[in-house]
Amino acid sequence: MKTLAKLPVTIVTGFLGAGKTTLLRHMLDNAEGRRIAVIVNEFGELGIDGEILKQCSIGCSEEEAMGRVFELANGCLCCTVQEEFFPVMRELVARRGDLDQILIETSGLALPKPLVQAFQWPEIRNACTVDAVITVVDSPAVAAGTFAAHPEQVDEQRKQDPNLDHESPLHELFEDQLASADLVILNKADLLEAEVLAAVHAEVAEELPPAVKIVEASSGKLPLSVLLGLNAEAELHIDSRPTHHDHEGHEDHDHDEFDSFHVDLPEVEERPLLDALNQLVERHDILRIKGFAAIPGKPMRLLIQGVGKRFDKHFDRQWLNGEARGTRLVVIGQELDQAVIANELRTALA
């Protein structure tokens with residue numbers, strides 16, 4: 001019988017499009033028999049990331065696959081931690097004899113520190129420990145000086161007030177995610193020249209204490225021996241890590257600067273769709289677009305994930321018998337006009 005030692009929890013954080021879901025998928029694909037529960041915190045109306053992760057449950061029944069992924073869809077996890085996180089953790093604690101690991105993917109808009117502090121609660125701290133907070137960094141975005149792949153928006157903020165160069169919400173969030181890290185992954189390292197990557201490494205290292213290690217990766221592909229078993233017990237020392245939001249009340253933790261909505265479309269041709277999405281990104285303050293598309297004549301569903309003007313795509317699975325073939329895209333950004341964007345997209349594809 002398995003002893004009920006503290007269950008290790010790995011928290012994966014990072015900005016929109018940095019590669020958090022790709023990293024988790026890699027970890028699940030290479031679990032080597034580990035029994036892993038996954039909590040996905042999805043910002044937006046459509047749980048795209050949860051669906052992506054469920055595709056990793058090869059060999060499981062549908063019921064088992066659904067049981068592995070706990071998807072918290074009601075806003076950012078740090079804001080809903082009391083409403084949704086505790087009940088999910090209580091369920092997992094009750095089953096901890098059947099589990100080896102919990103993975104939590106935070107929203108790209110979430111602050112990791114309040115989540116780690118939740119593991120100080122008596123109901124959780126006796127059963128679980130935060131093995132590590134892993135912060136995934138979009139290396140090309142940092143190299144470009146934007147920290148998220150949307151330079152036009154950040155440049156506009158800088159033009160409005162040069163004194164706020166390091167006070168933009170995106171940069172504060174970037175620094176706060178690094179402040180909570182026990183391990184930092186410079187993702188998409190393959191997209192940069194060696195000297196540029198070295199500069200990114202040096203810039204990130206300035207924000208970290210020497211004990212926090214930095215590793216480089218492409219598509220989140222790292223050995224699980226690097227990612228798990230860090231034994232950081234982050235909940236014990238998280239309070240000593242200063243962040244920009246330490247002195248703000250909950251009412252000041254304002255994520256409604258970000259908008260999120262979905263657009264439903266019928267079957268669409270791949271090239272016109274990608275061209276239309278690129279045009280939308282140029283005209284609006286869109287940070288990320290992700291979702292699925294039905295391509296005429298193709299038996300598989302096309303997964304699309306875009307950050308700024310960079311779009312990744314691949315066919316992820318067959319359309320199921322009886323499943324309606326359609327396209328659904330989630331759009332995330334700031335001060336977005338949902339009706340205008342949806343109309344522009346539909347017009348471009350008409």
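The values are calculated or read from the model by the stated rules, or taken from the named source; none is laboratory data. None of these values were measured; they are calculated from a predicted model. Cβ: placed from backbone, ideal geometry, glycine included. Neighbour counts: every protein chain shown. Each accessible area value is taken on the protein alone, full model and side chains, heavy atoms only, with ligands, DNA and RNA left out. Shrake-Rupley method; radii C 1.70, N 1.55, O 1.52, S 1.80 Å.
Tabulated data
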| quantity | calculated |
| --- | --- |
| Leading residue by the ranking (modelled with the lowest pLDDT) among those in the range 312-341 that are among the β-branched types (Val, Ile, Thr) and farther than 18 Å from THR22 by Cβ | VAL331 |
| So ALA294, is it of a type in the set (Gly, Ala, Ser) and touching a strand residue (DSSP E or B) at 6+ places or on another chain (Cβ under 6 Å) | yes |
| Selected residue [not in a loop (DSSP other than H, G, I, E, B) and not small (Gly, Ala, Ser)] from PRO272, PRO296 | PRO272 |
| Conditions (1) open to solvent by 20 Å² or more (accessible area, probe 1.4 Å); (2) modelled with pLDDT under 90: number failed by LEU99 | (1) |
| Long-range neighbours under 8 Å by Cβ, at least six apart or interchain, first residue farther than 30 Å from ARG283 by Cα within the range 317-332, second assigned to a loop (DSSP other than H, G, I, E, B) and open to solvent by 60 Å² or more (accessible area, probe 1.4 Å) | GLN318/PRO299; TRP319/PRO299; TRP319/ARG325 |
| Hits in the range 279-334 - residues which are of a type in the set (A, V, I, L, M), in contact with an Asp or Glu (Cβ under 8 Å, 6 or more places away or on another chain) and over 22 Å from ASP259 (Cβ atoms) | ALA294, ILE295, MET300, LEU302, LEU303 |
| Residues of the range 174-191 satisfying the condition of being open to solvent by 10 Å² or more (accessible area, probe 1.4 Å) and part of a loop (DSSP other than H, G, I, E, B) | ASP182, LYS188 |
| Of residues in the range 275-293 being outside any helix (DSSP H, G or I), within 10 Å of VAL331 (Cβ to Cβ) and among the aliphatic types (A, V, I, L, M), the one modelled with the lowest pLDDT | LEU287 |
| Of residues in the range 314-329 being among the basic types (Lys, Arg) and in a strand (DSSP E or B), the one surrounded by the fewest Cβ atoms within 10 Å (Cβ to Cβ) | ARG317 |
| Candidates GLY33, GLY59, GLY47, filtered to the one that is more than 23 Å from PHE119 (Cα to Cα), open to solvent by 10 Å² or more (accessible area, probe 1.4 Å) and at pLDDT 65 or above | GLY33 |
| Tally of residues being more than 18 Å from GLU270 (Cα to Cα) and of a type in the set (Gly, Ala, Ser) across the range 325-350 | 2 |
